[in-house]
Amino acid sequence: MKRREILTLGAGAALCGAVPGSLLGAPAAPAIKPMTGDVKPIGHDEYLARIDKARKVMGQQGIGALLIEPGASMVYFTGVQWWRSERLTAAVLPRDGDIAIVTPHFEEPSVRESLMVPSEIRVWNEDENPLETVAAILRDRKVSAPVGIEETVRYFAIDGLMRVMPDVQIMSGAAVVRACRMVKSAAELALMQKAADITIAAYRHVAPRIERGMTPKDIGAMMDAAHEALGAKPEFALILLGEASAYPHGSSKPQSVRDGEVVLMDCGCTVQGYQSDISRTFVFGEASAEQRKVWKQMREGQRIAIETARVGVPAGVVDDAVRGQYEKWGYGPGYKLPGTSHRTGHGIGLDGHEPVNLVHGESTPLAPGMCFSNEPGIYLPGKFGIRLEDCFHMGEKEPVWFSKPPDSLDKPFG
């Protein structure tokens, strides 16, 4: 669960001004240093293997080419790190023939910098239609089977292609992309493990520095600074205090740390583009009996989810197992509140949220290499919410945690 938070406090301001607090009786955290010295980026051969797999799946699906806009899928197949604007940059991955990148003429040198695979680059000028360039590539590659569209491609690109190439057949390319991206390689899992390790280290650094009266921005800035100091790119820092913790993505009402109230932290970073997403919830000061009860119930929900997640089990069954127990405790039913108003977990990798989800009705069977969050939070509107979130990947026989869930409300960071 996450919402991107853009925080402007720099690392120096966030860390140098911090005074060690007494949270949970923890001592002041030691100085931190980068943890990314041993990181290995995705190699050239793995990019080529991804393309080969995509082409095999395209053949199975009857797809002649795949159209991709900038974003995680373009990074995944080509390495190109770019952004979306009204000026189209796209990749055409044909089942047969060379990949081609389409981009504005003046962007070509910059786009080429991150390109990791052999590819033709075709440029278009400001007075030209970039979809004409895409159509020319499809004709040159003699694509006769339908063109698969990566599921996040914007409509203007699809509509524009059909206008300049009326005979083109369009179909969803989601099956191709998902077949490749949902199952992570050992190299991808290693990057995700590093990102998780860094976020846990950032939590342990920041926790003793949380003080009464701090705002979500104060705490988020410390987390961002810690992620940077540890060598990662901060991705998000969602901090929910008091009643705001009862609403999964928070509240715009003023918040500050108060004795006896919940502090919910949902934070993550990226390492070579691969994401972490970890939530911790604790009480500043003395926890009430109700807070402790709900924390233990939510932690049991996490346990049920991980025990249910086994190779071959439909993803939705994991959500159903958790929700079944919650209903026995009087929550819900279903997604009603008080209880769990969101899915038990989401896929994660290059995107913080990617297919598939641990949600009721999802029939995709779990397979080795799939990665998910596990976060069946419990929310009591008007009071507080408890969310613990740890991600895992499916091993050959059973799930493997990227970060180990805490055993106690009093030791939320291990």
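The values are calculated or read from the model by the stated rules, or taken from the named source; none is laboratory data. This is a predicted model, so every value here is computed, not measured. Note that each Cβ is placed from the backbone with ideal geometry, even for glycine, and that neighbours are counted across all protein chains shown.
What the table below lists for this structure:
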quantity	calculated
Flag if Gly316 is more than 23 Å from Leu409 (Cβ to Cβ) and exposed (fewer than 15 other Cβ atoms within 10 Å of the Cβ)	no
Scan of segment 323-352 for residues that are polar (S, T, N, Q) and either farther than 22 Å from Trp401 by Cβ or under 23 Å from the mean Cα position of the chain (by Cα) (or both), ordered by number	Thr340, Ser341, Thr344
Residue among Gly330, Gly339 that alone is touching a helix residue (DSSP H, G or I) at 6+ places or on another chain (Cβ under 6 Å) and in the same structural domain as Leu189 (by TED's automatic domain parsing)	Gly339
Lone qualifier among Ser110, Ser85 - being without any contact (Cβ under 8 Å) to a residue 40 or more places away in the chain, assigned by TED's automatic domain parsing to the domain that holds Ala174, surrounded by fewer than 19 Cβ atoms within 10 Å (Cβ to Cβ) and not in a loop (DSSP other than H, G, I, E, B)	Ser110
Residue in segment 51-75 that is farthest from Thr270 (Cα to Cα), counting only those that are β-branched (Val, Ile, Thr) and within 25 Å of the chain's Cα centre (by Cα)	Val57
Test: residue in segment 250-261 that is surrounded by 20 or more Cβ atoms within 10 Å (Cβ to Cβ), under 20 Å from the mean Cα position of the chain (by Cα) and either under 23 Å from Ala31 (Cα atoms) or not aromatic (Phe, Trp, Tyr) (or both)	yes
Cβ-Cβ under 6 Å pairs, at least 6 apart or on other chains, segment 173-186 side closer than 20 Å to His44 by Cα, far side assigned to a loop (DSSP other than H, G, I, E, B)	Val177/Glu150; Met182/Met370; Val183/Gly369; Lys184/Gly369
So Ile348, is it touching a Cys at 6+ places or on another chain (Cβ under 9 Å) and in contact (Cβ under 8 Å) with a residue 60 or more places away in the chain	yes
Pairs with Cβ under 6 Å, 6+ apart, first in segment 211-237 and closer than 18 Å to Tyr274 by Cβ, second outside any loop (DSSP other than H, G, I, E, B) and at pLDDT below 95	Glu228/Ala11
Within segment 70-82, tally of residues that are touching a Pro at 6+ places or on another chain (Cβ under 9 Å) and within 15 Å of Ala157 (Cα to Cα)	0
Inter-residue pairs, beta-carbon under 7 Å, first basic (Lys, Arg) and in segment 195-208, second outside any helix (DSSP H, G or I), 6+ apart	Arg204/Ala29; Arg204/Phe413
In segment 145-168, the residues that are closer than 17 Å to Gln60 by Cβ and over 32 Å from the mean Cα position of the chain (by Cα)	Ala145
Residue pairs meeting the criteria (Cβ under 6 Å; at least 6 apart or on separate chains; first in contact (Cβ under 8 Å) with a residue 40 or more places away in the chain, in segment 117-129; second surrounded by 12 or more Cβ atoms within 10 Å (Cβ to Cβ))	Val117/Tyr47; Val117/Thr78; Ser119/Ile99; Ser119/Ile101
Residues of segment 335-350 classified as farther than 30 Å from Ile42 by Cβ and in a strand (DSSP E or B), total	1
Positions within segment 392-414 being small (Gly, Ala, Ser) and farther than 15 Å from Asn374 by Cα, in sequence order	Gly395, Ser408, Gly414
Residue within segment 76-88 that is closer than 14 Å to Lys142 by Cα and over 25 Å from the mean Cα position of the chain (by Cα) present	no
Near pairs, Cβ below 6 angstrom, 6+ apart or cross-chain, from segment 361-376 (at positive phi) to any residue that is crowded, with 16+ Cβ neighbours inside 10 Å	Gly361/Gly316; Gly369/Val183; Gly369/Lys184
Single residue of Asp266, Asp259 found to be touching a Ser or Thr at 6+ places or on another chain (Cβ under 6 Å), assigned by TED's automatic domain parsing to the domain that holds Gly324, modelled with pLDDT of 95 or more and of a type in the set (Asp, Glu)	Asp266
